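See below for the structure under consideration.
The values are calculated or read from the model by the stated rules, or taken from the named source; none is laboratory data. Because the structure is predicted, anything quoted here is derived from the model rather than measured. Counting neighbours? That spans all protein chains shown, and the Cβs are built from the backbone with ideal geometry, glycine included. For the accessible areas, the whole protein counts, side chains as well, though only heavy atoms, and no ligand, DNA or RNA atoms are used. Shrake-Rupley method; radii C 1.70, N 1.55, O 1.52, S 1.80 Å.
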Amino acid sequence: MENDNQNGGKSGDAITIRFTVESERREAVVVIDGGRGYTSEEIAEHIERYYQTRHIDLMISTHPDADHLDGLAGVIEVLDVDELMIHQPRLHTTDVSDFSNLESLDKLLSTARANGVMLSEPFTGVTRLGGQFTILGPSRSYYEELLAQHLREERSKALYAAGTPFRQRGMNLLERKAYGLPAETLTDEGETSARNNSSVISLLTVGGERMLFTGDAGTPALEAAASYYESTIGMFPSYPLSFLQAPHHGSRRNLGPTILNRMIGSPIAPYPGSRVAFISSALAAPKHPSPKVVNALTRRGCFVAATEGRNICHTGDGAPSRPGWATLAPLPALVEDDDDN
């Protein structure tokens, strides 16, 4: 997992995955999001250097925010990509004039077509790579509902442009180290945008591990994905996750105790087994990750790590270690503020 640490401390997402397709006895490469435009070179170099290939089986654009989408076109230009899964708003509405970051979305689509990349849309139930990669959300109908809501939000955004300046954190995460976990202050009141809730939520299953990738999805989207998971795979206590990408760079607006209790377990009784939670967050980001989210995940038995200006790697059970990479330490308990984002 890589993060964007070059754009004024703003976070971004870029995830590369290599795993064995069990039914075909071969390795596959998946890329989920590409950070900003300048991230593409680093992604391509990472895949060539560590995966020893120039081939990507599947590329996912979770949603069209610049910090997730803009780096993907550059990867397509230098590596061989079989398929790009991306929501195409023009197929779902007649007027996209208010759709933000539309130019970058169009560039990505045209680059994919020019390079012979197959295009598809990621909706609930779509599977790839021997069924090991599954789209849990959004459904087509939910995406269209969120798209309409996003366009309405964009048209009215000017009315709320003044806003309140965000508060700088003033210290890095380790400087916020607490002595023991404080009582939980994360609530279910956080809300994120329709655009974030349209993020692709996907599940990768390798051996006995189930790994969840969430983009910038919020609680309503995660609840819908959890319902599909339980209806097709089984209830979370019996079929627990082993890896979670915390959504939206660890924002408290995207996670609450109820969805965490459902998917991971309560602080009192976390689901059995070990699990890892990664957060993609720039070192200087004033909002990400929220200490409330870090502590909530830790309370539920997660090994929590954040990129914070570096690339981090998760190796599943039985996977070989990567030469030149050091062991990652989990984040400690953090001091929480009432206005943590």
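Values computed for the structure shown
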{"quantity": "Two-site label geometry, A326 and A114: point separation in nm, points 7 Å out along Cα→Cβ", "calculated": "4.2"}
{"quantity": "Burial ranking of peptide ranges 46-59, 251-264, 131-144 (average Cβ count within 10 Å, highest at the top)", "calculated": "251-264, 131-144, 46-59"}
{"quantity": "The chain, accessible surface, carbon-and-sulfur percent (1.4 angstrom probe)", "calculated": "50"}
{"quantity": "Cα-centred dipole magnitude for the chain, charges only on beta-carbon of K, R (+1) and D, E (-1), debye, nearest 20", "calculated": "600"}
{"quantity": "Selection from A269, I86, T39 lying farthest towards where the dipole of the chain points positive, charges on Cβ", "calculated": "A269"}
{"quantity": "Highest-MSF residue in the chain out of G116, G12, G301 [GNM, Cα springs under 10 Å]", "calculated": "G116"}
{"quantity": "Computed lengthening from A178 to D95, 0.36 nm per intervening residue step minus Cα-Cα distance", "calculated": "24.9 nm"}
{"quantity": "Antiparallel bridges, percent of DSSP beta bridges restricted to the chain (to nearest 5)", "calculated": "50"}
{"quantity": "Length-normalised contact order for the range 214-286 - Cα pairs under 8 Å, 6+ apart - percent", "calculated": "38"}
{"quantity": "Net length gained if the chain between M235 and A148 were fully extended (0.36 nm per residue, minus Cα distance)", "calculated": "28.1 nm"}
{"quantity": "Surface accessible to a 1.4 Å probe, per residue, for the residues of the chain, Å²", "calculated": "44"}
{"quantity": "Relative contact order, percent, the chain [alpha-carbon distance under 8 Å, six or more residues apart]", "calculated": "18"}
{"quantity": "FRET efficiency estimate (nearest 0.05) - Cβ-Cβ, R26 to S139, R0 30 angstrom", "calculated": "0.45"}
{"quantity": "Within a Gaussian network of the chain (alpha carbon springs, distance under 10 Å), most fluctuating of R90, R128, R275", "calculated": "R90"}
{"quantity": "GNM top mover of V81, V21, V96 - the chain, alpha-carbon springs below 10 Å", "calculated": "V96"}
{"quantity": "Per-pair calculated FRET efficiency, R0 = 45 Å: I268 and E121 via Cβ, rounded to 0.05", "calculated": "0.65"}
